[in-house]
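Here's the structure, in structure tokens; my notes come after.
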Amino acid sequence: MSVLPGHLTSSHYESAARGWIGELWDDKARLRRVAMIFGVAAVAIVALALWLTGGRYTGTDDAYVQAAKLMVTTDVSGLVKTVDVVEGQHVKKGQVLFTLDPRPFQIAVDNAKAELAQSVLDVQSTEAAYRSTVAQANAQSAQVRLAQLTYNRYAALARQNAISATQVDQTRGAFETSQATLISLQQNAQTTLAKLNGNPNLPPEQSPEYQKAKSALDEAQRQLDHAVVRAPFEGDVGEVDSLQPGTLVISALSAFTTTSAVGLVSTSNVWVSANMKETDLTHVTNGDPVSVTIDTYPGHTWLGHIDAVSRASDSVFSALPSENASSNWVKVVQRIPVRIVLDVRPGDPPLRAGMSAVVTIDTHHRRWYRLLNGN
């Protein structure tokens, strides 16, 4: 064994090195154990913090842009005369979309006006007939009085045997005939007065015939007005190619389809319909703020709020709702439609009905707040 300066041998250095390494190894082990303990504690604290502050947001990607839409047609039948719009054109409310040939409807209006005028003449004629019948009845009443006086005189002369019985019978017959004529005239006057609703000076506008003719005129005018089809709201036009001049449009009240129509999609009445899982609606209420992203425009976010949460699931409105009462029933999470109104800002990209969307709802729910309040 060699002796190093300072009377320290190599074994002394080896022993010291082994001691130093051992102490270092023990320190690392303790440090590792401390790090493991603090790491687990940190993960637990972070997990607890996330859980306490979580539950605030919910959402779904089963959402789509919706807009008020309508196949605009008319309730009268006729041939298309003009089509005043083209595919994709933006129209204002009340703007003409297409027109039908107005001639048949104008003819019906003219005929209804003639019927209305005739009803006025009929009322006036009935009033004149009533006055004439009353005058005839008054004249006949005078004849009855004269015939009665004549009969009374002849009857007195007959009792004195001054005239023959035949003459008395003739005067009695004339008297009875005049009475029957008077009764007939009075009945005719009552019948004519009934046609005037008991008013000999009935205004034509109050007569049933006039009101019937006026209703027919109003209907004919309505059909003429509906020969011009206008946009019921502002929007973009679609499905125009199926409607061309000369096309026979069948009344919407008679046809089973609306193929002879112009499609119209609103540009102002737009919303998002989200089909939310029922388990995600626990803390969702009307008015909650919502952020919406559209697949077509990545990176752009729309803000809005919940307008309404449906009172029924999608399956309730299904034509064949599932009603499985057998033992092999499997519970399926239902989807509840949620209507979201967007706060459209100037410069936002245009939204089109049917676009896919992703919605995130801020429910303002805090677990720690509920725990502190005992809820």
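Do we find that Q136 is in contact (Cβ under 8 Å) with a residue 24 or more places away in the chain and surrounded by 16 or more Cβ atoms within 10 Å (Cβ to Cβ) in this structure? Spell out how you get there, then give the answer.
Details: in contact (Cβ under 8 Å) with a residue 24 or more places away in the chain: yes; surrounded by 16 or more Cβ atoms within 10 Å (Cβ to Cβ): yes.
Against the criterion (in contact (Cβ under 8 Å) with a residue 24 or more places away in the chain and surrounded by 16 or more Cβ atoms within 10 Å (Cβ to Cβ)), Q136 qualifies.
Out of the residues in region 198-209 meeting the condition of being of a type outside the set (D, E) and part of a helix (DSSP H, G or I), tell me which one is surrounded by the most Cβ atoms within 10 Å (Cβ to Cβ). My answer is P204. Taken over region 334-347, the residue count meeting the criterion of being out of contact with any strand residue (DSSP E or B) (no Cβ under 7 Å at 6 or more places or on another chain) and charged (D, E, K, R) is 1.
Evaluate the following for V65: is it surrounded by 10 or more Cβ atoms within 10 Å (Cβ to Cβ), in a loop (DSSP other than H, G, I, E, B) and at pLDDT 60 or above? Taking the combined requirement at face value, the residue does not satisfy it. Among the residues making up region 151-185, those that are surrounded by 14 or more Cβ atoms within 10 Å (Cβ to Cβ) and touching a Phe, Trp or Tyr at 6+ places or on another chain (Cβ under 7 Å) are Y151, I163, V168, T171, R172, F175.
Any chance you could count how many residues in region 95-126 are touching a residue at least 40 places away in the same chain (Cβ under 8 Å) and either buried (at least 17 other Cβ atoms within 10 Å of the Cβ) or closer than 27 Å to K214 by Cα (or both)? Before you say what the answer is, go through the steps one by one.
So the first thing to find is which residues in region 95-126 are touching a residue at least 40 places away in the same chain (Cβ under 8 Å), and the list is 95-102, 105-106, 108-109, 111-113, 115-116, 118-120, 122-124, 126.
Subset that is either buried (at least 17 other Cβ atoms within 10 Å of the Cβ) or closer than 27 Å to K214 by Cα (or both): 97-102, 105-106, 108-109, 111-113, 115-116, 118-120, 122-124, 126.
Qualifying residue count, region 95-126: 22.
In summary, S251 fulfils each of the numbered conditions (1) surrounded by fewer than 16 Cβ atoms within 10 Å (Cβ to Cβ); (2) in a strand (DSSP E or B) with the single exception of condition (2). Is one or more of the residues making up region 306-321 within 26 Å of V237 (Cβ to Cβ), surrounded by fewer than 16 Cβ atoms within 10 Å (Cβ to Cβ) and either among the acidic types (D, E) or modelled with pLDDT of 85 or more (or both)? No - not one qualifying residue is present in region 306-321. Answer yes or no: is there a residue in region 174-197 that is outside any helix (DSSP H, G or I) and touching a helix residue (DSSP H, G or I) at 6+ places or on another chain (Cβ under 9 Å). Checked region 174-197: at least one residue is outside any helix (DSSP H, G or I) and touching a helix residue (DSSP H, G or I) at 6+ places or on another chain (Cβ under 9 Å).
Among the numbered conditions (1) within 30 Å of T191 (Cα to Cα); (2) touching a helix residue (DSSP H, G or I) at 6+ places or on another chain (Cβ under 8 Å); (3) not charged (D, E, K, R), the only one that P102 does not meet is (1).
Based on what the data block shows, is G246 assigned to a helix (DSSP H, G or I) and surrounded by fewer than 18 Cβ atoms within 10 Å (Cβ to Cβ)?
So G246 fails the test.
Taking region 82-94 as the search range and keeping residues that are assigned to a strand (DSSP E or B) and either modelled with pLDDT of 95 or more or loosely packed, with under 15 Cβ neighbours inside 10 Å (or both), which one is nearest to the chain's Cα centre (by Cα)? That would be H90.
Could you list, in sequence order, the residues of region 129-161 that are of a type in the set (A, V, I, L, M) and under 60 Å from the mean Cα position of the chain (by Cα)? Full working, then the answer.
In the first step, residues of region 129-161 are kept if they are of a type in the set (A, V, I, L, M); the result is 129, 134-135, 137, 139, 142, 144, 146-147, 149, 155-158.
Hits for region 129-161 are A129, V134.
Cβ-Cβ distances below 7 Å connect the following pairs, each with a first residue in region 198-210 that is closer than 13 Å to Q124 by Cβ, a second residue that is of a type in the set (A, V, I, L, M, F, W, C) and assigned to a loop (DSSP other than H, G, I, E, B), and a separation of six or more residues or different chains: L202/L196.
The values are calculated or read from the model by the stated rules, or taken from the named source; none is laboratory data. Computed from a predicted model, the values in this text were never measured in an experiment. Ideal geometry is used to build each Cβ from the backbone, glycine not excepted, and the neighbour counts take in all protein chains shown.
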